[in-house]
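See structure below.
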Amino acid sequence: MNDVAIGLVQLSGLVQGLYARVSQRHDLTPVQAKLLCVLLEGPRGMAELAGYFGVEKAALTGLMDRAEKRGLAQREPVPGNRRALTVTLTEEGRRAATDFSTDVHAELEALVASLTPEGRRHFELAMAEIIERCGGRGC
């Protein structure tokens, strides 16, 4: 593995560990936190969420069952389409998502705080290029 690949794997591990620790502080699993962050951007269809998480709709059902049981999200039928469901955050879910997002952003910001302004600008441009090319999204 070359230095760039090793660095990316190490950075990914740092970010995933940080995300998991912040999730735990908010009494969420990392997957629940990701769901809340996605829904913070607006309602999503179950099929869209399944695609975003890279799972079948049936696999997403368990995650949604747990989120609904905790009062964080709710499924609602789509008018005119009996088989489709839209997922939205509840007020409690919106608060939890906002609190988590604020906390995780602060922790992630701390990871790059020691970079020089020029180093940070280069890092941001490189990340943006990779993310755009890969079509990625995040919290």
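Picking from Arg120, Arg94, Arg133, Arg44, which residue would you name as being over 14 Å from Val31 (Cα atoms) and surrounded by fewer than 12 Cβ atoms within 10 Å (Cβ to Cβ)? Show your work before the answer.
Numbers: Arg120 fails: surrounded by fewer than 12 Cβ atoms within 10 Å (Cβ to Cβ); Arg94 fails: surrounded by fewer than 12 Cβ atoms within 10 Å (Cβ to Cβ); Arg44 fails: surrounded by fewer than 12 Cβ atoms within 10 Å (Cβ to Cβ).
It is Arg133.
Inside segment 54-139, counting only helices (runs of 4 or more DSSP H) that do not spill past its ends, which hold 1 or more residues that are at pLDDT below 90?
Counting at least 1 such residues, we get 57-69, 117-134.
As an exercise: evaluate Lys34 against (1) among the basic types (Lys, Arg); (2) in contact (Cβ under 8 Å) with a residue 60 or more places away in the chain; (3) part of a strand (DSSP E or B) and give the number of the one condition it does not meet.
Against the list (1) among the basic types (Lys, Arg); (2) in contact (Cβ under 8 Å) with a residue 60 or more places away in the chain; (3) part of a strand (DSSP E or B), Lys34 comes up short only on (3).
Collect the residues in segment 1-31 that are closer than 23 Å to Gly71 by Cβ, among the β-branched types (Val, Ile, Thr) and part of a helix (DSSP H, G or I), keeping them in residue-number order.
If the condition is that a residue be closer than 23 Å to Gly71 by Cβ, among the β-branched types (Val, Ile, Thr) and part of a helix (DSSP H, G or I), then Val22, Val31 are the ones that fit.
Would you tally the residues in segment 108-139 being more than 28 Å from Gly51 (Cα to Cα) and not aliphatic (A, V, I, L, M)?
Looking only at that region, the number is 10.
Kindly check whether there is at least one residue in segment 81-88 that is charged (D, E, K, R) and more than 15 Å from the chain's Cα centre (by Cα).
Let us first name the residues in segment 81-88 that are charged (D, E, K, R), namely 82-83.
So of that shortlist, the ones also more than 15 Å from the chain's Cα centre (by Cα) come out as 82-83.
Yes.
Checking Gln16 against (1) more than 23 Å from Ile131 (Cα to Cα); (2) exposed (fewer than 14 other Cβ atoms within 10 Å of the Cβ); (3) in contact (Cβ under 8 Å) with a residue 12 or more places away in the chain: exactly one of these is not met. Which one?
Gln16 satisfies all of (1) more than 23 Å from Ile131 (Cα to Cα); (2) exposed (fewer than 14 other Cβ atoms within 10 Å of the Cβ); (3) in contact (Cβ under 8 Å) with a residue 12 or more places away in the chain except (1).
The values are calculated or read from the model by the stated rules, or taken from the named source; none is laboratory data. Note that the structure is a prediction, hence the values are computed from the model and not measured. In this analysis, Cβ positions are derived from the backbone assuming ideal geometry, glycine residues included, and neighbour counts consider all displayed protein chains.
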